[in-house]
1. Taking K226 as meeting all but one of (1) in contact with a Leu (Cβ under 9 Å, 6 or more places away or on another chain); (2) of a type in the set (D, E, K, R); (3) at pLDDT below 90, write down the number of the exception.
2. Any residue in the stretch 204-215 that is of a type in the set (A, V, I, L, M) sitting within a Cβ distance under 6 Å of a residue that is surrounded by fewer than 16 Cβ atoms within 10 Å (Cβ to Cβ)? List the pairs, counting only those 6 or more apart or interchain.
3. Can you find, within the stretch 228-283, the residue that is nearest to Y170 (Cα to Cα) among those that are among the aliphatic types (A, V, I, L, M) and in contact with a Pro (Cβ under 8 Å, 6 or more places away or on another chain)?
4. Could you tell me which numbered condition A215 fails, if it satisfies all but one of (1) among the aliphatic types (A, V, I, L, M); (2) part of a helix (DSSP H, G or I); (3) out of contact with any Leu (no Cβ under 7 Å at 6 or more places or on another chain)?
5. Give all pairs with beta carbons closer than 7 Å in which a residue from the stretch 14-31 that is closer than 21 Å to N103 by Cα and among the hydrophobic types (A, V, I, L, M, F, W, C) meets a residue that is in a loop (DSSP other than H, G, I, E, B) and at pLDDT below 90; count only pairs at least 6 apart in sequence or on separate chains.
6. Only one of G268, G264 is on the phi > 0 side of the Ramachandran plot and of a type outside the set (D, E, K, R); which?
7. Out of all the residues in the stretch 79-93, is one or more touching a helix residue (DSSP H, G or I) at 6+ places or on another chain (Cβ under 8 Å), touching a residue at least 12 places away in the same chain (Cβ under 8 Å) and closer than 28 Å to N147 by Cα?
8. Could you list all residues from the stretch 253-272 that are of a type in the set (D, E, K, R) and under 21 Å from M201 (Cβ atoms)?
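The values are calculated or read from the model by the stated rules, or taken from the named source; none is laboratory data. Note that this is a predicted model, so its numbers are computed, not measured. Here Cβ is always computed from backbone atoms with ideal geometry, including for glycine, and neighbour counts include all displayed protein chains.
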Amino acid sequence: MELQKNVAQSFYEETTISPGFFILKFNNETDENQTFKREVSSTFIQFHFCIKGAAAFLFNEGNYTLPIKEENSLLLYNPQRDLPIHLVLEKHSWVLSVLLPINKFHSLFSTEANYITFLSEENKDRKYYKDGHISPSMAVVLNQLMNYNLHPTIKPLYFKAKAYELLSLYFNRPADADVEQCPFLADEDNVSKIKKAKQIMVARMAEPPTLQQLADEINLPINRLKEGFKQVYGDSVFSFLFDYKMEVARQLLATGSHNVNEVGLKVGYSTSSHFIAAFKKKFGTTPKKFLMGLNV
């Protein structure tokens, strides 16, 4: 089953992965806020991801609000009452949500109760709320779901695979570090410097600074920059930048308004051969073949 509602330049699309397992896509490209509503029973666990812009979830007839900003996520579960979705999506914003019954979720992680604390026996009947950060690897999957452009017949399989991948990445954590216990991240000034580093790399992706230049600019020792970036974003600075550049390139190609050379230059490759090699390394196909697939 698939439902789609279009309102000018906004849309709401619901795709069923399997019975009771849904992906909801909310896209508002208008210049005004848009409101979306959907009933959700207390048997469901909800994952919400803000890919672009900002939004807010309203509860109790608008008396309680949970904001969600770009690059952030919300996990919601309350076995004691229904939590219907009442989403106010700001202009030029994207949100993607995953809904699945708690018993289905338990079956996915049945042996991991100690790893995921709210699955433990003493917590399973308690309500649960968690906000978190969208990692670069999660952002890639989210954008693939938002910009789906493969043949309609494989959409159910593709969405199911990506939904599982997204949940796996959501609950992933470094084997060698407990980020929540890391004293570096307890210092808000350090975290703000790391976030600034990411913004610098994104803004200057075509001509990024060296690690030493970046460390000097945000006023952190280079080793603290490398450690902190890995802890906040789950990846090294240049691995994050590579993933980001490739996703930007993929989206630019998908618009159909740029050729391969132009896209390569926009994301910082002076020669098309280097860009083609990088794109193939990331996506397993060349930019030209990717474009041909879009046309098909």
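1. Condition not satisfied by K226: (3).
2. L211/I222; A215/I222
3. We begin by selecting, within the stretch 228-283, every residue among the aliphatic types (A, V, I, L, M); these are 232, 237, 241, 246, 248-249, 252-254, 260, 263, 265, 267, 276-278.
So of that shortlist, the ones also in contact with a Pro (Cβ under 8 Å, 6 or more places away or on another chain) come out as 241, 249, 253, 260, 263, 276.
Details: L241: 20, A249: 24, L253: 28, V260: 32, V263: 30, I276: 30 Å.
Here the answer is L241.
4. A215 satisfies all of (1) among the aliphatic types (A, V, I, L, M); (2) part of a helix (DSSP H, G or I); (3) out of contact with any Leu (no Cβ under 7 Å at 6 or more places or on another chain) except (3).
5. none
6. Working: G264 fails: on the phi > 0 side of the Ramachandran plot.
Every option except G268 fails the conditions.
7. Step one: of the stretch 79-93, the residues touching a helix residue (DSSP H, G or I) at 6+ places or on another chain (Cβ under 8 Å) are 79.
Of the ones still in play, those that are also touching a residue at least 12 places away in the same chain (Cβ under 8 Å) are 79.
Add one more test, that the residue is closer than 28 Å to N147 by Cα, and what stays is none.
Within the stretch 79-93, none of the residues are touching a helix residue (DSSP H, G or I) at 6+ places or on another chain (Cβ under 8 Å), touching a residue at least 12 places away in the same chain (Cβ under 8 Å) and closer than 28 Å to N147 by Cα.
8. Correct list: K266 only.
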